[in-house]
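The values are calculated or read from the model by the stated rules, or taken from the named source; none is laboratory data. The model shown is predicted, which means the values in this text are computed figures rather than measured ones. Here the Cβ is made from the backbone with ideal geometry for all residues, glycine too, and neighbour counts use every protein chain on show. Accessible surface is based on the protein model in full, side chains and every heavy atom, while ligands, DNA and RNA are left aside. Shrake-Rupley method; radii C 1.70, N 1.55, O 1.52, S 1.80 Å.
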Amino acid sequence: MKIAILDDYQDTIRTLRAFPKIAGHDVTIWKDHTKDVETLAGRLKDTEVLVLLRERTPIKAPLLDRLDRLRMITQVGVVPHIDVPACTRRGVIVSSSQLPGRPSSGTAELTWGLVIAAMRRIPQEMIAMRAGKWQAYPIGLGLRGKTLGILGYGKIGAVVAGYGRAFGMNVVAWGRDSTLEKAKTDGYTAAASREAFFAESDVVSIHVRLIDATRGMVTAEDLARMKPSAMFVNTSRAGLVVPGALEAALAKGRPGVAAVDVYEEEPVFGAAHPLLAMDNAICVPHLGYVERDSLEQMYDTIFEQVLAYAGGKPINVLNPEALAAVQS
């Protein structure tokens with residue numbers, strides 16, 4: 001089969017242990033990124049199986065309608081970027097395991113790295129030291145005894161909360177009633193109210209899936225309640241925060257610092273994001289799940305889905321109607 005793999009920014013996939021699983025197929029890997037339909041249609045015109053890395057490239061009807069040879073899209077995780085009904089109409093199978101029971105430890109670890117880096121001003125001090133300076137910034141803050149607020153106590157939020165406990169922080173949670181009950185079962189405290197959650201947390205870390213109901217769930221009013229000494233961390237999705245609210249809040253000093261791994265439009269080139277110009281923002285290029293062990297797990301599953309399809313027994317199919325159409 002002709003297989004195309006998109007968005008391998010760091011030219012990593014061919015080095016994974018799982019890659020030989022598809023060695024018998026005609027594989028093309030694209031390392032750059034484009035959302036341009038015309039460009040993608042040209043690149044993928046002969047593709048039978050399309051391999052995606054999470055949500056990096058949207059696959060919508062205007063593109064699908066030009067891919068007459070496409071028969072399968074394979075990835076892991078949720079698929080808000082894929083027009084599944086359009087795939088079904090065209091008989092394109094979408095296989096995507098949700099990796100049950102596997103929280104993204106890479107994202108949780110990066111979250112914690114950002115917390116420590118921002119609170120102790122590690123990136124700024126490193127740059128200053130390379131410029132010949134010594135302890136050039138105002139003194140940072142420790143974490144023991146501080147309050148860690150987990151906004152969205154799901155799989156990743158629970159792991160981040162555990163790290164907070166290990167660092168001697170007081171952990172509070174806020175979110176849906178069901179997740180608050182889970183947090184309390186795990187020995188954490190539910191905030192008295194949404195207002196108290198933002199006002200009392202020294203670190204707020206958000207771990208919520210981006211859907212229509214959660215888009216813009218963090219508002220300017222929420223951020224304005226945070227302490228001048230507090231920090232806001234987002235390793236989930238930029239769309240969870242009202243556009244422009246975080247930049248405006250940082251400019252006003254509440255919260256005092258932010259650390260982000262996600263942006264409204266990705267990738268970000270040419271430093272073209274306002275947070276990158278702010279001294280009280282630590283920014284990294286969506287590295288959450290992008291570490292070798294996570295990619296090994298992901299692509300092992302993705303390529304198993306390819307092999308299952310090649311063997312006539314597709315797995316983890318999200319649109320069985322398309323499968324029925326193909327088999328008929």
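Checked against the criterion of being open to solvent by 10 Å² or more (accessible area, probe 1.4 Å), closer than 28 Å to A238 by Cα, free of Cβ contacts under 8 Å to residues at least 12 places away in the same chain and not β-branched (V, I, T), the stretch 34-44 has at least one qualifying residue.
Return a yes/no flag: does the stretch 274-285 have any residue that is without any contact (Cβ under 8 Å) to a residue 24 or more places away in the chain, out of contact with any Asp or Glu (no Cβ under 9 Å at 6 or more places or on another chain) and on the phi > 0 side of the Ramachandran plot. Within the stretch 274-285, none of the residues are without any contact (Cβ under 8 Å) to a residue 24 or more places away in the chain, out of contact with any Asp or Glu (no Cβ under 9 Å at 6 or more places or on another chain) and on the phi > 0 side of the Ramachandran plot. Scanning the stretch 280-328 for residues that are among the basic types (K, R) and under 17 Å from the mean Cα position of the chain (by Cα) returns a single hit, R292. The single condition among (1) over 29 Å from D212 (Cα atoms); (2) part of a loop (DSSP other than H, G, I, E, B); (3) in contact (Cβ under 8 Å) with a residue 60 or more places away in the chain that E296 does not satisfy is (2). Within the stretch 253-279, the residues that satisfy the criterion of being surrounded by 14 or more Cβ atoms within 10 Å (Cβ to Cβ), more than 16 Å from the chain's Cα centre (by Cα) and closer than 24 Å to E109 by Cβ are P255, G256, V257, A258, H273, L275.
Go through the residues of the stretch 308-320 one by one and say whether even a single one is part of a helix (DSSP H, G or I) and without any contact (Cβ under 8 Å) to a residue 40 or more places away in the chain. Even if it seems obvious, please write down each step before you answer.
Step one: filter the stretch 308-320 for residues part of a helix (DSSP H, G or I), giving 308-310, 320.
This time we only want the ones that are without any contact (Cβ under 8 Å) to a residue 40 or more places away in the chain, so: 320.
Yes: the stretch 308-320 contains one or more residues that are part of a helix (DSSP H, G or I) and without any contact (Cβ under 8 Å) to a residue 40 or more places away in the chain.
Being under 19 Å from the mean Cα position of the chain (by Cα) and either touching a residue at least 24 places away in the same chain (Cβ under 8 Å) or buried (at least 17 other Cβ atoms within 10 Å of the Cβ) (or both) narrows it down to one of L50, L6, so name that one. Even if it seems obvious, please write down each step before you answer.
Values: L50 fails: under 19 Å from the mean Cα position of the chain (by Cα).
Only one candidate passes the filter, namely L6.
Of all the criteria given as (1) touching a residue at least 24 places away in the same chain (Cβ under 8 Å); (2) farther than 29 Å from T57 by Cα; (3) open to solvent by less than 30 Å² (accessible area, probe 1.4 Å); (4) not β-branched (V, I, T), the one not satisfied by D186 is (3).
If you scan the stretch 113-153, which residues turn out to be among the aromatic types (F, W, Y) and farther than 18 Å from S201 by Cβ? Spell out the reasoning first.
First, the residues of the stretch 113-153 that are among the aromatic types (F, W, Y): 134, 137, 153.
Result: W134, Y137.
Within the stretch 108-137, residues that are closer than 30 Å to L151 by Cβ and touching a residue at least 60 places away in the same chain (Cβ under 8 Å) have Cβ atoms under 6 Å from residues that are surrounded by fewer than 15 Cβ atoms within 10 Å (Cβ to Cβ) and among the small types (G, A, S) in no pair, counting only partners at least 6 apart in sequence or on another chain. Just to be sure I understand, how many residues within the stretch 1-22 are under 24 Å from D68 (Cα atoms), in a loop (DSSP other than H, G, I, E, B) and among the hydrophobic types (A, V, I, L, M, F, W, C)? Total meeting the criteria: 2. Can you name the residue in the stretch 182-241 that is farther than 16 Å from I282 by Cα and β-branched (V, I, T) and, of all such residues, is modelled with the lowest pLDDT? Applying the filter and picking the extreme gives I211. Being within 19 Å of P267 (Cβ to Cβ) and modelled with pLDDT of 95 or more is a property that does not hold for D65.
Among the residues of the stretch 213-251, the ones that are under 16 Å from the mean Cα position of the chain (by Cα), in a loop (DSSP other than H, G, I, E, B) and in contact (Cβ under 8 Å) with a residue 40 or more places away in the chain come to 2 in all. None of L151, L99, L110 is closer than 28 Å to R165 by Cα and surrounded by fewer than 18 Cβ atoms within 10 Å (Cβ to Cβ) except L99.
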